[in-house]
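First the structure, in the form of structure tokens, and then the observations on it.
The values are calculated or read from the model by the stated rules, or taken from the named source; none is laboratory data. Please read all numbers here as calculations on a predicted model, not as lab measurements. Backbone-built Cβ (ideal geometry, glycine too); neighbour counts: all protein chains shown. The area values use the complete protein model at the heavy-atom level, side chains included, leaving out ligands, DNA and RNA. Shrake-Rupley method; radii C 1.70, N 1.55, O 1.52, S 1.80 Å.
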Amino acid sequence: MTKPARPLSGLNDADLRLLRVFKTVVECGGFSAAEVELNISRAAISLHMADLERRLGLRLCRRGRAGFLLTDDGRMAYEAALRLFAGLESFRSEINAAHGRLRGELNIGITDNLVTMPKMRVTDALRGLKQQGPEVRVNIRMIPPNEIERGVLDGRLHVGVVPARRALPGLDRLPLYQEESHLYCGRGHSLFDAQTVPDAAVEAADAVAPTEAQQVPEAAGVQQALTATATATDREGVAFLILTGCYVGFLPTHYARQWVERGAMRALLPERFHYAQEFQAVTKKGAQPNLVLERFLDLLRRTGLEGEGGPQKQG
């Protein structure tokens, strides 16, 4: 594609709309995956991308049998778009702060299957934010912890809720709560109706192991005693396998409770096979002031969470 003879002179509303489509396509990994997120057809997305490439005079991506792939110019444009939207949000936040009104967006990344947590204070904080700022638009993405942390660092997310793991540079952390997990088997498993459950029988049973990205350091000791013959990338996958009656696996007690109460699961030797994991809210260190985010974090602190006194500075 031939580049324009003169630099881009300015951006209008139509350009911003095209850039938002481009940003979503990149973050979804292609046109097909972006259809649901954007609520428009793949053909419309293709037209928008072509319009943006003509407007910028750059080839942004390649698409074909090999799949969606950003060009070098595309990666540069994506990073520039992130800075542009972050700047627009910062401008909007500062103007709103001058008026004392909560307006704008709050983009949150949350680890899967936390909504059943009895003390899920994030819900309380979101309720308070809606009451204080009815015009605030909240966008929640359910994605793995490593993607959440990357999203916070590169500005796609304002805040994330993730398990406490190694300290990544550039993140501030606000402790939220401890999550307890036990080892479960499903109805039909040989141990489900056993009056006495021997340690050796549990250790020999087929067990579900987390994938590397889902491993929990606090669980390493008790998981090493098990015989792993299957893996799952998330808690729902672990639950699927446990419910077959063929595997044992660890689940948070709040998540497993729905099946335990229906008689579909039981905990095995809970005094031995258990662990606790801390969850925390993470934000980008040194981020531009954002009144919506600051109010949300303040509401999180005021819900009686562990670690009062503000985010812990790390790394």
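Roll a 1.4 angstrom probe over the protein heavy atoms and tell me the percent of accessible area of segment 15-101 that is carbon or sulfur.
Here carbon and sulfur together make up 53 percent of the probe-accessible area.
Describe numerically, in nm with one decimal, the distance between label points set 7 Å from Cα along Cα→Cβ at Gln288 and at Ser41.
Between Gln288 and Ser41, the simple spin-label model gives 3.7 nm.
What does the helix-only formula give at 222 nm for the chain: each DSSP H stretch with n ≥ 4 adding -39500 (n - 2.57), the total divided by the residues, and the result rounded to the nearest 500 deg cm²/dmol?
That comes out to -12500 deg cm²/dmol.
With a 1.4 Å probe and all protein chains kept in place, how do Cys246, Cys28, Cys61 rank by accessible area, largest first?
Cys246, Cys28, Cys61
Could you work out the relative contact order of segment 116-213, using alpha carbon pairs under 8 angstrom and six or more residues apart, expressed as a whole percent?
Once normalised by length, the contact order is 15 percent.
Once fully extended, how much extra length lies between Arg17 and Phe240, figured as 0.36 nm per residue of separation less the alpha-carbon to alpha-carbon distance?
Between Arg17 and Phe240, full extension yields an extra 76.2 nm.
Between Ile95 and Gln132, what FRET efficiency comes out of the Förster formula 1/(1 + (r/R0)^6) with R0 = 25 Å and r the beta carbon distance, rounded to 0.05?
0.90
What is the Rg over Rh value, at two decimals, for segment 137-212, using alpha-carbon atoms and the Kirkwood definition of Rh?
1.16
Could you tell me which helices of the chain pass both thresholds, a Cα extent of 18 Å or more along their own axis and a mean Kyte-Doolittle hydropathy of at least -0.5, with helices taken as whole DSSP H runs?
13-28, 42-56, 72-99
Using the heavy atoms of the protein chains alone and a 1.4 angstrom probe, what is the accessible area of segment 235-299 per residue in square angstrom?
Normalised by residue count, the accessible surface of segment 235-299 is 43 Å².
Could you please state how large a percent of the accessible area of segment 186-298 is carbon and sulfur, counting protein chains only and using a 1.4 Å probe?
The value for segment 186-298 is 50 percent carbon and sulfur by accessible area.
Over the chain, what relative contact order in percent results from Cα pairs under 8 Å that are six or more residues apart?
It comes to 22 percent, rounded to a whole number.
Mind checking which of Leu191, Ser181, Ala164 is farthest towards the positive end of segment 136-204's charge dipole, using Cβ charges of +1 (Lys, Arg) and -1 (Asp, Glu) about the Cα centre?
Farthest along the dipole direction, towards plus: Ala164.
Counting Lys and Arg as +1 and Asp and Glu as -1, each charge on the Cβ, what is the dipole of segment 28-106 about the Cα centre in debye, to the nearest 20?
With only Lys, Arg, Asp and Glu charged at Cβ, the dipole is about 180 debye.
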